[in-house]
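Got a structure for you, questions after.
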Amino acid sequence: MASQNHIQMSSPNRNERNISTVLPEVEEFDYSQRAQWLRAAVLGANDGLVSIASLMTGIGAVKDDVKAMILTGFAGLCAGACSMAIGEFVSVYSQLDIEIAQMKRRKGSVAEIDRPDEKDEKLPNPFQAAVASSLAFSLGAIVPLLAAAFITNHEVRLAVVVAATTLALVVFGGVGAVLGRTRVVRSCARVVVGGWMAMGITFGLTKLLTTGGLGI
């Protein structure tokens with residue numbers, strides 16, 4: 001009888017082990033792991049799009065020449081991409097130094113963490129952030145440039161630049177919201193309103209400088 005009871009009690013444990021072996025463990029994905037590269041990519045794309053579109057609408061407020069608008073946008077693309085890459089690299093490298101110093105203090109030995117494993121410790125990557133920011137800025141900046149490149153009529157060109165920028169802002173805002181698991185409508189509305197404000201202010205102030213008797 002004792003042996004039978006022992007067999008009956010051990011059977012559920014064997015079944016549980018079999019079930020745990022067959023069924024894989026389900027772990028919830030930590031979306032905060034995407035924060036570093038997602039921030040660099042989305043911020044870079046939005047900056048490139050809004051900055052270059054604002055520059056081009058500002059030039060379009062005072063000049064009808066399409067060449068002036070395209071050259072201004074291209075110069076802004078080059079300068080902005082370099083600025084984003086350098087700024088992001090310096091910023092993330094500073095963050096990396098801070099986290100490494102904190103890890104050294106936590107482990108109590110400088111020798112143990114001269115070269116920490118970035119994969120194990122989930123440390124920020126300055127080079128990855130810099131490249132992502134630069135490429136994303138360029139990607140965003142290309143949108144208004146392409147929108148204005150093949151349109152000769154000045155008013156239509158400005159309208160197309162604004163429309164293309166608005167559409168791209170919706171796309172970038174939606175992609176960022178989906179990847180980060182945040183509200184899509186709110187994210188899109190936020191970036192679109194911000195882009196409109198930037199273009200409107202740039203256009204208005206540039207127009208004011210040329211028509212307000214300031215001698216420019």
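None of the figures in this text is laboratory data; all of them are computed from the coordinates on show. The shown structure was predicted, so the numbers you read here are calculated from the model rather than taken from an experiment. We place every Cβ from the backbone using ideal geometry, glycine too, and count neighbours over all the protein chains shown.
Hey, what do the phi angles of segment 72-88 turn into as Karplus ³J(HN,Hα) couplings, whole Hz, using 6.51/-1.76/1.60 and θ = phi - 60°, x for Gly and Pro?
Each residue of segment 72-88 in turn: 4, x, 5, 4, x, 4, 5, 5, x, 4, 5, 5, 5, 5, 5, x, 5 Hz.
Sort the following peptides by mean Cβ neighbour count (other Cβ atoms within 10 Å, averaged over residues), highest first: 94-100, 158-164, 169-175, 49-55. Could the numbers behind the result be given before it?
Values: 94-100: 13.9, 158-164: 18.0, 169-175: 20.4, 49-55: 25.7.
Highest to lowest by the protection proxy: 49-55, 169-175, 158-164, 94-100.
On to the next question. I need the peptides 198-208, 134-144 ranked by packing, meaning the mean over residues of other C-beta atoms within 10 angstrom, with the highest value on top.
Numbers: 198-208: 16.2, 134-144: 23.4.
Peptide ranking by packing, descending: 134-144, 198-208.
Under 16 Å Cα-Cα from K207, which lysines qualify once same-chain neighbours fewer than 8 residues away are excluded?
K63
Then there is this: Could you state the orientation-averaged shadow area of the convex hull built on the Cα atoms of segment 31-210, in nm² to one decimal? Display every interim value, and only then the final one.
Details: hull surface 46.6 nm².
About 11.6 nm², averaged over all directions.
Relative contact order for segment 31-210: what is it in percent, counting Cα pairs under 8 Å that are at least 6 residues apart?
Value for segment 31-210: 39 percent.
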